[in-house]
Amino acid sequence: MSRTNAGKLVLDAKSAGSAVGAFNVILLEHAEALVAGAELAKLPVILQISENCVNYHKGLKPISVATIAIAESASVPVSVHLDHAESEDLVKQALDLGYDSVMFDGSKLSYADNVAASARMAALCKSYGATLEVEIGEVGGKDGVHAPGVRTNPLEAKAFAEATGADLLAVAVGSSHAMTTRDATLDFALIQEIAKTVSVPLVLHGSSGVSDSDLQKAVNAGMSKINIATHLNNVFTHEIRQALESNPKLVDPRKYIAPGRDAVAAEVSRLLILLSLTS
């Protein structure tokens with residue numbers, strides 16, 4: 001069990017008509033909670049560390065080494081994935097540290113530059129035996145990336161995937177990053193059309209804003225990897241806030257962070273089962 005390439009996890013999910021959950025690590029407790037939740041569900045999971053997280057920790061190595069160690073001790077298949085990396089140097093550093101999967105985000109580049117950079121990253125990842133996820137254009141939220149009105153053109157998606165040689169493709173179908181409410185409106189017909197047109201598995205970003213029922217509809221329509229971050233941060237923060245409010249004299253972080261970690265583990269377990277379409 002333990003470490004498994006993200007590409008294999010996603011391809012297995014696609015073959016089974018389900019999806020694998022991909023959740024973001026910010027603190028060490030996130031990594032612990034994500035693996036605990038996957039073990040509760042007895043299902044695979046992808047642990048994602050974003051370039052923003054790297055900047056928060058002022059470096060890639062410490063949070064990565066800790067997360068990889070947690071992944072390697074798991075009793076279920078776990079992938080460690082670099083999320084939304086805009087720096088090619090950061091991708092190389094992550095691969096050298098042992099990441100098995102990378103999402104290179106060239107969506108701010110021109111189409112031609114995005115294709116060229118993504119193709120370079122695909123070749124680099126293949127040399128390490130790692131998976132590469134890419135994104136065509138913008139996918140909404142956070143100053144316009146993944147804006148709800150942005151939509152991926154299926155034929156453009158096919159051309160982009162083929163030109164880059166990437167393993168996974170993130171597409172814009174109505175979700176938006178950093179949503180704290182779960183009322184995003186997805187275009188299920190578009191998901192189906194892209195899934196029929198593109199040969200590689202599809203990834204849904206901004207899934208925190210999508211309801212449970214719509215997440216399952218998205219999987220049925222053709223999504224194979226579902227990224228969720230903000231929703232779990234809501235769960236984590238809510239429990240910590242409750243612990244501190246119930247006992248204002250608390251100063252030991254273990255006593256107020258642990259409830260947040262436990263709540264995230266329970267929610268991850270629930271979400272993984274939901275995405276497996278066995279619930």
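Coordinate-derived values only; no laboratory data. Keep in mind it's a predicted model, so treat the numbers as computed, not measured. Cβ: placed from backbone, ideal geometry, glycine included. Neighbour counts: every protein chain shown.
Once the dipole of the stretch 1-120 is set up with Lys and Arg at +1 and Asp and Glu at -1 on Cβ about the Cα centre, which of Cys53, His81, Ala13 lies farthest towards its positive end?
Of Cys53, His81, Ala13, it is Ala13.
Assuming 0.36 nm per residue, please report the length gained on full extension of the stretch Ala163 to Thr237 beyond their Cα-Cα distance.
Extending this stretch completely gives an extra 22.5 nm.
What residue among Ala22, Tyr111, Ile194 has its Cα farthest toward the positive end of the dipole of the stretch 6-275, where the charges are +1 on Lys, Arg and -1 on Asp, Glu, each on the Cβ?
Among Ala22, Tyr111, Ile194, the one farthest towards the positive end of the dipole of the stretch 6-275 is Ala22.
So who's got an amide H within less than 5 Å of the one on Ser18, skipping anything under 5 residues away but keeping other chains? H placed 1.01 Å off N, in plane.
Amide H neighbours of Ser18: none.
Sorting Cys125, Cys53 on the 10 Å Cβ count, fewest up front, what's the list?
With the sparsest Cβ surroundings first, the list reads Cys53, Cys125.
How would you classify the stretch 6-275 from its alpha-carbon gyration tensor, with a ≥ b ≥ c the square roots of the eigenvalues: rounded for a/c under 1.5, else prolate if a/b is greater than b/c, otherwise oblate?
Prolate shape, in that a/c is at least 1.5 and a/b is the bigger ratio.
If I stretch the segment between Gln192 and Ala123 completely, what's the gain in nm (0.36 nm per residue apart, minus their alpha carbon distance), one decimal?
Full extension from Gln192 to Ala123 adds 22.0 nm.
Please go through the residue pairs Lys42/Lys158; Lys8/Lys217; Lys14/Lys61; Lys42/Lys92; Lys58/Lys225 and name each one whose alpha carbons sit more than 26 Å apart in this structure.
Lys42/Lys158; Lys14/Lys61; Lys42/Lys92; Lys58/Lys225
How about the stretch 189-268: which trypsin sites (Lys or Arg not before Pro) there are in a DSSP loop, with at most 11 other Cβ atoms within 10 Å of their Cβ?
Filter output for the stretch 189-268: Lys249.
Can you give the FRET efficiency for Ala69 and Ala266, using 1/(1 + (r/R0)^6), R0 = 25 Å, r = Cβ-Cβ distance, to the nearest 0.05?
Result of the calculation: an efficiency of 0.65.
With a 10 Å cut-off between alpha carbons and a GNM built on the chain, which of Val54, Val171, Val268 moves the most?
Val54
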